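Before any comments, here is the structure.
The values are calculated or read from the model by the stated rules, or taken from the named source; none is laboratory data. Being a predicted model, the structure only gives us computed values, none of them experimental. Positions of Cβ are backbone-derived with ideal geometry, glycine not excepted, and every protein chain shown enters the neighbour counts. What goes into the accessible areas is simple: the full protein's heavy atoms, side chains included, and nothing from ligands, DNA or RNA. Shrake-Rupley method; radii C 1.70, N 1.55, O 1.52, S 1.80 Å.
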Amino acid sequence: MDADNKVKDSTTVDISVASSPSNLDEVPKLLSEIGEYIQRFGIDTDEIRKDAIFKCRQLFLALSTPREIMADHCWGQIGAMMAVGFGLDSGLWDLMAQNGDKPQRAPDLASSLGIEPKLLSRLLRHLSAMGLLNEVGEDEYQPTNYTKALSLPQIGNGYLGLTACTSAGCLKYHEFSRKRGWINPTNPEDTSLMDAYGTDKDLFSRVNELGYGKHLNDYLGGYNLGRRWWIHPDIYPVKERLINGADPSPDASFLVDIGGNVGHDLERFRAAFPDAPGKLILQDLPMMIGQVKNLDSSIVRMEYDFRDEQPVKGSRAYYIHSTLHNWSDDVCESLLKRVKEAMKPGYSRLLINEFVVPEMGAHWEITGLDMMMLALFSSEQRTRVAWYDLIERRAGLRIVQIWSAGAGVESVIECEVTNYEGEA
Ligand SMILES: C[S@@+](CC[C@H](N)C(=O)[O-])C[C@H]1O[C@@H](n2cnc3c(N)ncnc32)[C@H](O)[C@@H]1O
């Protein structure tokens, strides 16, 4: 055992705290707020539903004792993740989805899938105890919307490609941080992920080596489902800002997606704007471009490492989505300067599609992703101040406008180059 591991054996808090509900006094107020939100379902925007979820979470925590919350985290949630992953790998969720909404017996499912019946019964019992699956009889279950959706690669595959391949980086973050004196890490070559698994590979190389590259790509292509995306008219006016005034020549570059993975974002863009002029160009590392399949043939695939000179000059737009958050300011500064060198003043725009973390009241999806960045990349989700510092002070670009669309939705940070004359 590591000699520095702290073993908790004394406390200043009375033990009775552990078995008292966390905040009973708040319960009536929370119940009344949730009731009000529910009255407004369907009338107001989706924000109301999200607010209701947040209050329900507060209600659950207010009613639970600290011991129950600990058991929920350490047994309930982790056991559910385990059972979900099992169901993905064994084909359980596909089979249940194919069987439809009817009640399904665990022994029948087990025999179709070659699983020992007792094992499947135990796993399904836990998922139903956690409210993720409906128990309708002894050893008999009915799918929920959630378990049906697990058969979709965009929902199911993140559990394997992201969580199962990387979670020790999160769960052992304390050891990584202690060994480095509790500093905020910024070195992309020294991450908790690498420390936990004893590797020098970054997340993308590691996941691909483990054979889960497609799973991770499916998750990346789908984690935004149901959320407003940057081209939504409420977020960024694509026609006015990009299409109008663009070079109409078919050889001109219109949109370059840097770190675009296997092209899901450009494909969505092409579907939404089939008449946009010029070329759409997908750039990513050779490892990723080699995995591109079934991509609209009009989209150009280009192997490119963003640490090198940007080969596409004077594009109408350069787009970077959920990629800068994987990297420290030093790496991002160099990437942004490579883009800046390629941009045509007065014509090109750089669109950074990322969260802007509010200083207060941040949505849990943003803070949760920030924890992933911390453990898996030694990087961060940036606040407005941090974005200005990186883009304007360090990279020498100008932020024209930050286009935002509410809590838990990524913003578009629109940037331009002004009178570029070499390094800023
Ligand atoms: C978090 S993913 C985001 C993918 C995509 N933009 C999206 O939002 O779904 C980061 C992407 O950056 C790519 N990447 C990592 N290092 C890179 C590099 N040095 N040059 C180019 N792309 C890189 C990865 O392969 C991956 O596809």
If all Cα-Cα distances of the range 68-149 are sorted into 10 Å bins from 0 onward, what percent lands in each bin, rounded to whole numbers? 19, 57, 21, 3
Run through the DSSP bridge list for the chain and note the antiparallel percent, rounded to the nearest 5. 45
Protein accessible area in the range 16-64, 1.4 Å probe - carbon and sulfur %: 60
Sorted by chain and then number, the residues having a modelled amide H within less than 5 Å of the amide H of residue 256, at least 5 places away or on another chain, are 281, 317, 318, 319
Estimated Rh, the chain: Kirkwood, alpha-carbon pairs, angstrom: 24.3
Taking +1 at the Cβ of each Lys and Arg and -1 at the Cβ of each Asp and Glu, which of 96, 23, 418 sits farthest along the dipole of the chain towards its positive end, judged by Cα position relative to the Cα centre? 96
With a 10 Å radius around each residue's Cβ, average the other Cβ atoms per peptide and rank 275-288, 142-155, highest first. 275-288, 142-155
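Using a 1.4 Å probe on the protein heavy atoms, what percent of the accessible area of the range 238-416 belongs to carbon and sulfur? Before the final figure, lay out each step's value.
On the way: 3760 of 7220 Å².
C and S atoms contribute 52 percent here.
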Roughly how far apart, in whole Å, are the Cα centres of the range 340-365 and the range 174-192? 26
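Let me make sure I get this right: for the range 242-360, a, b and c are the square roots of the gyration tensor eigenvalues over alpha carbons, sorted descending. Under 1.5 in a/c it's rounded, otherwise prolate if a/b > b/c, else oblate. Which is it?
Since a/c stays below 1.5, the shape of the range 242-360 is classed as rounded.
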The range 93-149 to the range 198-237: how many Å between their Cα centroids? 29
Skip the ligands, DNA and RNA, and give the accessible area per residue of the chain with a 1.4 Å probe, whole Å². 52
List the residues, sorted by chain then number, that are 5 or more residues from residue 356 or on another chain and whose placed amide H is less than 5 Å from its amide H. 411
Mean Cβ-within-10 Å packing, highest first, puts peptides 219-225, 91-97 in the order 91-97, 219-225
In degrees between 0 and 90, to the nearest 10, how far off the longest principal axis of the chain does helix 27-39 point, with axes built from Cα atoms? 60
Please get the size of the charge dipole for the chain, origin at its Cα centre, with Cβ charges of +1 on Lys and Arg and -1 on Asp and Glu, quoted in debye to the nearest 20. 360
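Once you have a ≥ b ≥ c as the square roots of the Cα gyration tensor eigenvalues for the range 14-144, tell me rounded if a/c is under 1.5, and otherwise prolate or oblate according to whether a/b is larger than b/c.
Because a/c hits 1.5 or more and a/b fails to exceed b/c, the range 14-144 counts as oblate.
Expressed as a whole percentage, what fraction of the accessible surface of the range 153-222 belongs to carbon and sulfur atoms when a 1.4 Å probe is rolled over the protein heavy atoms?
Taking all protein chains in place, the range 153-222 shows 51 percent carbon and sulfur surface.
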Within-13-Å neighbourhood charge of residue 19 [Cβ basis; K, R +1; D, E -1]: -1
